[in-house]
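The values are calculated or read from the model by the stated rules, or taken from the named source; none is laboratory data. Only a predicted model underlies this, so the values are computations on that prediction, with no experimental measurement involved. Cβ placement follows ideal geometry from the backbone for every residue including glycine, while neighbour counts extend to all protein chains displayed.
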Amino acid sequence: MRQAVDMGQGKVSHVLGRLALPLMVSLFFQNLYAYADTVFVSWLGETPLAAISLALPLTYLALSLAKGVAMGSVILMSFSRGAGDEATAHKIAESLFPLMLLFMALFSPLMLVPAGQAFYLAIGADPATAAQGTGFMFWLAASFFPMGYVMTVEALFTARGDTVTPMKAMLLGNILNIGLDPLFIFVFGWGVAGAAAATFVGQSISAVYIGYRLKQMLGMSLQWLPKPRSLRVWWQILKQGLFVTAAYLITPIALMLLNGILVRFGAVAVGAWNLMSRTEMMVMLPIMGLSNALATFTGFNLGRLDYDRVRQGVFFFLKVSWAVIIPASLLFFLLPQQTIGLFRPTPELKLLGGIAMQASALSILFMPLLSAVAGMSQGMKRPVYMMGLMFVYLVCLRVPLADWFADRWGQQGVYWSHPVASVCTAVLALFLLRRLLLDCRKRVMTGTAATAKSDHEGA
């Protein structure tokens, strides 16, 4: 298969735009699974909503592990292909899926009822909420396996510049999920469990479709079992992806801690935060998709020793990100309660959710800077910058501030700690972004000089 987007040629805005748009749409639809589930479950009442709200960090935990493995592989394959080393890219591709399966299998014990109940009780849920969530937990854990398959194949296509095929697979799965949600939840009477069951079916159909396209377009099938040399390749993937995974893992861990703070104020406080988080993520996941495109683009062009294209890519990323974020921020701030009206909230939930949405409106204005650091640091094989930034943001600032503000201003204080933490972290992000650009230019100059010396000696 020929590369769908040539990342080394053409106008940067056009190339990165063509690469990024399908990734933005794909991640938007990835979150749409959870968003649609939340909409329909919220119609059942506050306790069912709290049940899936408390499981949200678990979803992000699985996504974090899968995304870290996938993005670590994408960066390595993109860098190798940019340097003309197709053999190394192929070794990484054939070793990826067994590693992904290993991580997704970690969640399989949660399919057992006692384990699901233990999870809910351990994070402070009352018995009624835990009882609502156990059926949901079974299907949620089961859905992680097809999700891992889809993200593995998506990585193979993305490294070749094809982000359209994964987008189509994600779109297909979401159409099914949205159609099956009301059928499973209300018609069949499965309640909360029906939402996760619909997600499982949607993810499975996405996996079937993208697996068929992999065979048809690339002539490949995924390796289910590792080969002897896979362990060495796994280490290479993990060296790159470990920090990416850790950076993504910080988010669900912080969400669990925030839920632990909010649960003091009852199910409505948790539910309001969840409505804000799901809605905010609908805006932020397209930005994360653009960040992933920036990572792939940076890795490929750094392999070609082309600093100018990398720098232009970063500035294009920031322009597009703010073009998306600013209108969403205005909507969240000016019409906060209307924004969450789709969830049919009770008056108290609507009031608290509106306050959380206004806090989010200010916070997301600073997110493009954090996402730019994430994308560029991955592409440059410097994911420790991304992990360090997210650690400062969530562990050093957001959770401690939430706890402090909660003691003084209750659940509303938790909501407003969100923008305060974002502003402080944005200052650090500006410093790191400048440092990454300087480091990139230095590496390109060093590599160019080494290539010129080698050519001279050869002559």
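Checked against (1) crowded, with 21+ Cβ neighbours inside 10 Å; (2) aliphatic (A, V, I, L, M); (3) in contact with a Pro (Cβ under 6 Å, 6 or more places away or on another chain); (4) over 30 Å from L49 (Cα atoms), V164 passes all but condition (1). Of the helices (runs of 4 or more DSSP H) that lie entirely inside the range 285-390, those containing 3 or more residues that are among the hydrophobic types (A, V, I, L, M, F, W, C) span 307-334, 347-363, 367-379, 383-390.
Looking only at residues of the range 272-283 that are surrounded by 24 or more Cβ atoms within 10 Å (Cβ to Cβ) and of a type in the set (A, V, I, L, M, F, W, C), we find that the one that is nearest to A328 (Cα to Cα) is M276. Would it be correct to say that L102 is within 25 Å of M256 (Cβ to Cβ) and of a type outside the set (V, I, T)? So L102 fits the description; yes. Scanning the range 127-143 for residues that are surrounded by fewer than 16 Cβ atoms within 10 Å (Cβ to Cβ) and in contact (Cβ under 8 Å) with a residue 40 or more places away in the chain turns up just one, A128. Of the residues that sit in the range 138-184 and are in a helix (DSSP H, G or I) and of a type in the set (S, T, Y), which one is modelled with the lowest pLDDT? Only one residue fits best here, namely T158.
Look at A118 and say whether it is out of contact with any helix residue (DSSP H, G or I) (no Cβ under 7 Å at 6 or more places or on another chain) and surrounded by fewer than 22 Cβ atoms within 10 Å (Cβ to Cβ). Taking the combined requirement at face value, the residue satisfies it.
Yes/no matrix, rows are residues, columns are (1) among the hydroxyl-bearing types (S, T, Y); (2) surrounded by fewer than 16 Cβ atoms within 10 Å (Cβ to Cβ); (3) closer than 18 Å to A36 by Cα:
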residue	(1), (2), (3)
I326	no, yes, no
S329	yes, no, no
L335	no, yes, no
I340	no, no, yes
F343	no, no, yes
P347	no, yes, no
A356	no, no, no
S363	yes, no, no
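Of all residues in the range 287-296, at least one satisfies being closer than 30 Å to G84 by Cβ, surrounded by 24 or more Cβ atoms within 10 Å (Cβ to Cβ), touching a residue at least 24 places away in the same chain (Cβ under 8 Å) and of a type in the set (S, T, Y). The helices (runs of 4 or more DSSP H) found entirely in the range 10-123 that carry 2 or more residues being among the polar types (S, T, N, Q) and within 26 Å of L242 (Cβ to Cβ) are 12-42, 46-82, 86-104.
Considering (1) surrounded by fewer than 20 Cβ atoms within 10 Å (Cβ to Cβ); (2) over 29 Å from P336 (Cα atoms), the lone condition that R408 does not fulfil carries the number (2). Of all the residues in the range 190-238, those that are assigned to a helix (DSSP H, G or I) and touching a residue at least 24 places away in the same chain (Cβ under 8 Å) number 28. Within the range 367-387, being among the polar types (S, T, N, Q) and either without any contact (Cβ under 8 Å) to a residue 24 or more places away in the chain or under 19 Å from H418 (Cα atoms) (or both) holds for one residue alone: S371.
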